[in-house]
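The next block holds one structure in the form of structure tokens; read it before the comments.
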Amino acid sequence: MPRLILGPERRTRLWVWCAAIICMIIAIAVIITGVVVFAGYMIMKPRIPSMSVNYAFLDKLNYDQSGQVTLQISLIIKAENENMKADASFSDVNFILNFHGLKIAELRADPFVLPKNDSVNLAYAVPSMSIPFEQDAWEDMVASVKQDKVSFSLKGDARTRWRVGIIGPVKFWTHLSCQLNFFASNGSSIKTHCSSKSR
Ligand SMILES: *[C@@H]1O[C@H](CO)[C@@H](O)[C@H](O)[C@H]1NC(C)=O
Ligand SMILES: *[C@@H]1O[C@H](CO)[C@@H](O)[C@H](O)[C@H]1NC(C)=O
């Protein structure tokens, strides 16, 4: 009887079985970790602590022909922690209020902690001050007043830190970048959405 055997001997060696079992154990561990993290996420429903402009009012605005602009602005920035199970801390709060590239004021706050599901209003009163404007910025200001719409930009960020269940502390920078528009005639703000939360 002629017999033909091709190729190397095909016998599953012990180490192949061992490797397969180890791979399976690792795969199962990865799946279980994923499920636990996902369940933790769903239970905690972590929310990134946010900041938004709650109120803005142009208390005073006038200018003279020499390029001096007198301004007074009130702003309330709301810091919010929508997490139901975790306190959130805010630090390095720093926002810059600009008019056409000209820095009007820098808004800061000392580090603070917000309990779960809580919010705080940071009130800023930029006092009446007289600022010498460059020709360009002054012309922009005059034109905006004529159009009854004066725009400022508010930009900045804050460092936030909070715990997400078993994942542990999470750090996140919340950014705020928005345009604040006011009626020059009465100083009230034109409704604009300004929040670090993306919608
Ligand atoms: C969160 O706060 C809001 C109002 O601030 C309140 O109505 C709500 O019941 C609170 N939720 C929890 C779970 O405490
Ligand atoms: C401010 O003026 C604008 C337009 O001139 C007007 O639409 C707005 O209602 C006024 N706001 C208040 C609070 O009077």
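A 1.4 Å probe over all protein chains sorts Glu106, Glu80, Glu139 by accessible area into Glu139, Glu106, Glu80, starting with the largest.
Note on region 138-178: percent of Cα-Cα distances in each 10 Å bin, starting at 0 and stopping at the bin with the largest distance, equals 24, 24, 20, 15, 12, 5.
With contributions of -39500 (n - 2.57) from each DSSP H run of at least four residues, the per-residue ellipticity at 222 nm computed over the chain stands at -7500 deg cm²/dmol. Applying a 4.7 Å cutoff between beta carbons, the unpaired cysteines of the chain are Cys18, Cys23.
Annotation for Lys78 and Ser177: the two label points, set 7 Å from Cα along the Cα-Cβ direction, are 2.4 nm apart. Kindly express, to the nearest 10 degrees and within the range 0 to 90, the angle between helix 14-44's C-alpha long axis and the longest C-alpha principal axis of the chain. So the helix axis and the longest Cα principal axis differ by about 30 degrees. Residue order by solvent-accessible surface for Met24, Met1, Met141, Met129 is Met1, Met24, Met129, Met141, largest first, with ligands and nucleic acids left out and a 1.4 Å probe. The Kirkwood hydrodynamic radius of region 17-69, based on inverse pair distances between different Cα atoms, is 17.2 Å.
Subtracting the Cα-Cα distance of Ala39 and Ile21 from their residue separation scaled by 0.36 nm leaves 3.8 nm.
Look at the dipole of the chain built from charges on Cβ: of Trp173, Leu14, Trp138, the Cα furthest out on the positive end belongs to Leu14. All Cα-Cα separations within the chain were binned at 10 Å from zero, giving a P(r) of 8, 26, 20, 14, 10, 7, 6, 5, 3, 2, 1, 0, each value a whole percent of the pairs.
Relative to the longest principal axis of the Cα atoms of the chain, the long axis of helix 135-146 makes an angle of roughly 80 degrees.
Applying 0.36 nm per residue to the separation of His193 and Asp59 and subtracting their alpha-carbon distance, the gain on full extension is 46.2 nm.
The values are calculated or read from the model by the stated rules, or taken from the named source; none is laboratory data. Values in this document were obtained by computation on a predicted structure and should not be read as measured data. When we count neighbours, we look across all protein chains shown, and the Cβ atoms used for this are built from the backbone with ideal geometry, even at glycine. All accessible areas refer to the heavy atoms of the entire protein, side chains included, with ligands and DNA or RNA removed. Shrake-Rupley method; radii C 1.70, N 1.55, O 1.52, S 1.80 Å.
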